[in-house]
Each structure stands twice: as structure tokens, then as C-alpha cells.
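As C-alpha cells, the structure follows; a few thoughts come after it.
Every number here is computed from the coordinates shown, using simple stated rules; none is lab data. Just so you know, these numbers come straight off a predicted model, no measurement behind them. Ideal geometry is used to build each Cβ from the backbone, glycine not excepted, and the neighbour counts take in all protein chains shown.
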Amino acid sequence: MGLFTGLATLPLAPVRGVVWVAERLHDEAHRQLYDPEVIKQRLEEVAEARERGELTEEEAAREEDELVRRLMSQGPPGGGLEV
């Protein structure tokens, strides 16, 4: 980026910073939602909560269905922001 371009686009720097932060937040949220290890750990937590009686069979089944769906889908291809 040249000097003139850098000076001309300087007012946009905060916007670029916000976009960068939003992209990082999206990437981390995507990782937490679709990471197979995180999903497997949550499935174990649901099974333990069912055994302790903290979740009904219906609640546990709903939660497990959602977790398995996420595990099977692995999210959108590329994992980045879709434009």
C-alpha cells in the first residue's frame, strides 16, 4: 500500500479493525460449534446428566440429535465468512 493510498484510507482503519475482529469471532465460534472433540465431550456430558437425572430422556435425545447433526455436517465448507 502506497503512502497516498494509506493516507486516503486511514479513516477506514477502525472499520477494517472491526471486520477483522468479527472474522476472528466467527472463526472461533465455528470451531467451537463444529470441532469433533468438543462435540464428543458434550455428548458425554449429556449422557452423564441423563444418568444423574438432570435431563429427561426427551431433553437428552433432543440435545444428542443436535450434537450428532453438527458432528455429521462439520459446518459450511471452508469455515470462513460467506460473502
Exercise for the section: With a Förster radius of 41 Å, plug the Cβ-Cβ distance of Glu44 and Phe4 into 1/(1 + (r/R0)^6) and report the FRET value to the nearest 0.05. Expected result: 0.10
Completion exercise
log10 I(q)/I(0) for the chain, Debye formula on C-alpha points only (no solvent), q = 0.18, 0.20, 0.23 Å⁻¹, two decimals, reads -0.83, -0.92, -1.03
Fill in the blank from the handout: The ³J(HN,Hα) series, computed from each phi in region 53-58 with the Karplus coefficients 6.51, -1.76 and 1.60 at θ = phi - 60°, rounded to the nearest Hz and given as x for glycine or proline, is x, 6, 10, 6, 4, 5
Handout entry: Loop-resident sites, region 20-57, for GluC sites (Glu not before Pro), counting at most 13 other Cβ within 10 Å (DSSP)
Key = Glu54
Handout entry: Relative contact order for the chain, counting Cα pairs under 8 Å that sit 6 or more residues apart, in percent
Key = 37
